[in-house]
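*Asks:* Here it is: the structure, laid out below.
The values are calculated or read from the model by the stated rules, or taken from the named source; none is laboratory data. Remember, it's a predicted structure, so these values are computed and weren't measured experimentally. Glycine gets a Cβ as well: all are built from the backbone with ideal geometry, and neighbour counts include every protein chain shown.
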């Protein structure tokens, strides 16, 4: 008798000239057996009727180690019903080598669509996903709309949009002797303040990094950024900080946690907003309250804000302490091999400029774009090059949004260029301190694809390139 094994898990044997097939049966585990593997370094999870050992993957999980640990020893399916971005072929490809068996007496559980109550969105947005919704502002409209219409604002959601009853809603403020709950009407009794601010997702322009090497996260182009007029109350007007407070933590109704250094909160710049563009904040953008932290990465501008906590520590959770919003060194290809706790989380955003669209008019190329820096410093110039940076031409700048405030809003720019044989352009911005953008995207590449503020390139018509 002779045996041999082939890749399909089939054992073939031969007896007396007859060929017998015996299909390989993967190991089967009970729910109780899987439940025992729920500690760091020993994590099993169930997906549908399969069992996976994800022990070596948890450090590289884009959503952070803490998120996977919630499902350790259990099924991931209830979480994936919430985080539906997992329902993609590439996620299944990642899982395949980690499969170790099947679940015994599998009992599937069905849940309704948690996203049924999400708002209806403007179809002109550029959608990356619907559940949860992640969509870019249509950048060709930015030049005509320096203050982004609320329905064209970029959307970065992690969960279904909360359906909040404003009449029953309160904002909790606690920590170091403070313990109070305020309704939206209570907040309106304080001095009202308005700011025009640009907010940018930390992953804006991630797609540009993917041309160097693969990153993890939504492949945003250049439209994960928008600008609005926010109206509300300065945090420093409703909270008095003592010397023990080092961080201000924000918590959202959808469980997101983030924090900022207390120095930023004390400057009289951080707003608890209840209006966006002179109207109630739309549900996708934080109704009824949103934290507005000018110049800081989008995730610190917490939507659906329901808690403010004064603390001596950063917020916990993946959005603050894991690799989700940490710019890792460019040589790091495996986050599990570094101590990410020693890497600071993203806060203030670097100087940025982008070409949003190129048209032809009267024998010239007409270029439009935006420039912005999270420092709040004025943009002093935006330059355009048609010869890969050998020579540069100045653009016309529109700084109207920042006339009566610090430069928290983007500067819209326009440039005219004689038509030549090369329809491709690059742009770079400078602030009043002469800070500018790095030129080489490969030098800024990082595993999470964050903070791409390198020179931006765009071409006209058939040579179009982001």
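*Asks:* Could you figure out which of (1) in contact with a helix residue (DSSP H, G or I) (Cβ under 7 Å, 6 or more places away or on another chain); (2) in a helix (DSSP H, G or I); (3) farther than 27 Å from residue 341 by Cα isn't true of residue 59?
*Replies:* Every listed condition holds for residue 59 apart from (3).
*Asks:* Sort out which residues of the stretch 307-321 are out of contact with any strand residue (DSSP E or B) (no Cβ under 6 Å at 6 or more places or on another chain) and over 27 Å from residue 61 (Cα atoms), and write them in order of number.
*Replies:* 312
*Asks:* Then there's this: Go through the stretch 195-223 and give me each residue that's in contact with a helix residue (DSSP H, G or I) (Cβ under 8 Å, 6 or more places away or on another chain) and closer than 19 Å to residue 149 by Cα.
*Replies:* Residues satisfying the conditions are 196, 199, 200, 201, 222, 223.
*Asks:* Quick test of your reading of the structure: residue 255 fulfils all but one of (1) more than 22 Å from the chain's Cα centre (by Cα); (2) surrounded by fewer than 18 Cβ atoms within 10 Å (Cβ to Cβ); (3) at pLDDT below 95. Name the failing condition by number.
*Replies:* Unmet condition: (1).
Yes or no, residue by residue, for (1) more than 15 Å from the chain's Cα centre (by Cα); (2) assigned by TED's automatic domain parsing to the domain that holds residue 374; (3) in a strand (DSSP E or B); (4) surrounded by fewer than 21 Cβ atoms within 10 Å (Cβ to Cβ):
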| residue | (1), (2), (3), (4) |
| --- | --- |
| 227 | yes, no, yes, no |
| 232 | yes, no, yes, no |
| 241 | yes, no, no, yes |
| 244 | yes, no, no, yes |
| 287 | yes, no, no, no |
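Here is a yes/no grid of residues against (1) under 30 Å from residue 312 (Cβ atoms); (2) part of a strand (DSSP E or B); (3) under 21 Å from the mean Cα position of the chain (by Cα); (4) assigned by TED's automatic domain parsing to the domain that holds residue 303:
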site: 79; (1), (2), (3), (4): no, no, yes, no
site: 101; (1), (2), (3), (4): no, yes, no, no
site: 106; (1), (2), (3), (4): no, no, no, no
site: 119; (1), (2), (3), (4): no, no, yes, no
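*Asks:* I would also like to ask the following. If you check residue 86 against the conditions, is it under 18 Å from the mean Cα position of the chain (by Cα), over 23 Å from residue 222 (Cα atoms) and free of Cβ contacts under 8 Å to residues at least 60 places away in the same chain? Before you say what the answer is, go through the steps one by one.
*Replies:* Details: under 18 Å from the mean Cα position of the chain (by Cα): yes; over 23 Å from residue 222 (Cα atoms): yes; free of Cβ contacts under 8 Å to residues at least 60 places away in the same chain: yes.
Yes: the conditions hold for residue 86.
*Asks:* What residue, of 154, 79, 106, is closer than 27 Å to residue 320 by Cβ and surrounded by fewer than 19 Cβ atoms within 10 Å (Cβ to Cβ)? Step through it out loud before you land on a result.
*Replies:* Working: 154 fails: surrounded by fewer than 19 Cβ atoms within 10 Å (Cβ to Cβ); 106 fails: closer than 27 Å to residue 320 by Cβ.
Selected residue: 79, the only one of 154, 79, 106 that is closer than 27 Å to residue 320 by Cβ and surrounded by fewer than 19 Cβ atoms within 10 Å (Cβ to Cβ).
*Asks:* Shifting gears a bit: Out of the residues in the stretch 164-189 that are modelled with pLDDT under 95 and in a loop (DSSP other than H, G, I, E, B), state the one that is surrounded by the most Cβ atoms within 10 Å (Cβ to Cβ).
*Replies:* It comes out as 176.
*Asks:* Quick check: anything in the stretch 406-416 closer than 17 Å to residue 453 by Cα, under 28 Å from the mean Cα position of the chain (by Cα) and either surrounded by fewer than 20 Cβ atoms within 10 Å (Cβ to Cβ) or assigned by TED's automatic domain parsing to the domain that holds residue 225 (or both)?
*Replies:* Taking every residue of the stretch 406-416 in turn, none turns out to be closer than 17 Å to residue 453 by Cα, under 28 Å from the mean Cα position of the chain (by Cα) and either surrounded by fewer than 20 Cβ atoms within 10 Å (Cβ to Cβ) or assigned by TED's automatic domain parsing to the domain that holds residue 225 (or both).
*Asks:* Please work out which one of (1) part of a loop (DSSP other than H, G, I, E, B); (2) in contact with a helix residue (DSSP H, G or I) (Cβ under 8 Å, 6 or more places away or on another chain); (3) crowded, with 22+ Cβ neighbours inside 10 Å is the condition residue 321 fails and give its number.
*Replies:* All conditions pass for residue 321, except number (3).
*Asks:* Moving to a separate point now. Report, by residue number, each residue of the stretch 289-314 that is in contact (Cβ under 8 Å) with a residue 60 or more places away in the chain, under 17 Å from the mean Cα position of the chain (by Cα), in a loop (DSSP other than H, G, I, E, B) and under 19 Å from residue 171 (Cβ atoms).
*Replies:* Of everything in the stretch 289-314, those that are in contact (Cβ under 8 Å) with a residue 60 or more places away in the chain, under 17 Å from the mean Cα position of the chain (by Cα), in a loop (DSSP other than H, G, I, E, B) and under 19 Å from residue 171 (Cβ atoms) turn out to be 301, 304.
*Asks:* Could you list, ordered by first residue, the pairs with Cβ atoms under 6 Å in which the first is in the stretch 331-345 and closer than 23 Å to residue 316 by Cβ and the second is in a helix (DSSP H, G or I) and at pLDDT 90 or above, at least 6 apart or interchain?
*Replies:* If the second residue must be in a helix (DSSP H, G or I) and at pLDDT 90 or above, the pairs left are 345/325.
*Asks:* Hey, could you check the stretch 129-145 for residues that are in contact (Cβ under 8 Å) with a residue 60 or more places away in the chain and surrounded by fewer than 17 Cβ atoms within 10 Å (Cβ to Cβ) and say which is nearest to the chain's Cα centre (by Cα)? Steps first, answer last, please.
*Replies:* So in the stretch 129-145, the residues in contact (Cβ under 8 Å) with a residue 60 or more places away in the chain come out as 129, 133-134, 136-140, 142-143.
From what is left, the residues that are surrounded by fewer than 17 Cβ atoms within 10 Å (Cβ to Cβ) are 129, 140.
On the way: 129: 13, 140: 22 Å.
Among them, the one singled out is 129.
*Asks:* Now for a separate question. Kindly indicate whether any position in the stretch 336-349 is in contact with a strand residue (DSSP E or B) (Cβ under 9 Å, 6 or more places away or on another chain), within 17 Å of residue 453 (Cβ to Cβ) and in a strand (DSSP E or B).
*Replies:* Within the stretch 336-349 (the criterion being in contact with a strand residue (DSSP E or B) (Cβ under 9 Å, 6 or more places away or on another chain), within 17 Å of residue 453 (Cβ to Cβ) and in a strand (DSSP E or B)), the answer is yes, since at least one residue qualifies.
*Asks:* Given the condition touching a strand residue (DSSP E or B) at 6+ places or on another chain (Cβ under 7 Å), outside the structural domain of residue 400 (by TED's automatic domain parsing), surrounded by fewer than 16 Cβ atoms within 10 Å (Cβ to Cβ) and not in a helix (DSSP H, G or I), answer yes or no: does some residue in the stretch 194-210 qualify?
*Replies:* Quick first cut of the stretch 194-210, residues touching a strand residue (DSSP E or B) at 6+ places or on another chain (Cβ under 7 Å) only: 194-201, 204.
Those left that are additionally outside the structural domain of residue 400 (by TED's automatic domain parsing): 194-201, 204.
In the following step, the residues that additionally are surrounded by fewer than 16 Cβ atoms within 10 Å (Cβ to Cβ) were identified as 194.
Now narrow it down to the ones that are not in a helix (DSSP H, G or I): 194.
Yes - at least one qualifying residue is present in the stretch 194-210.
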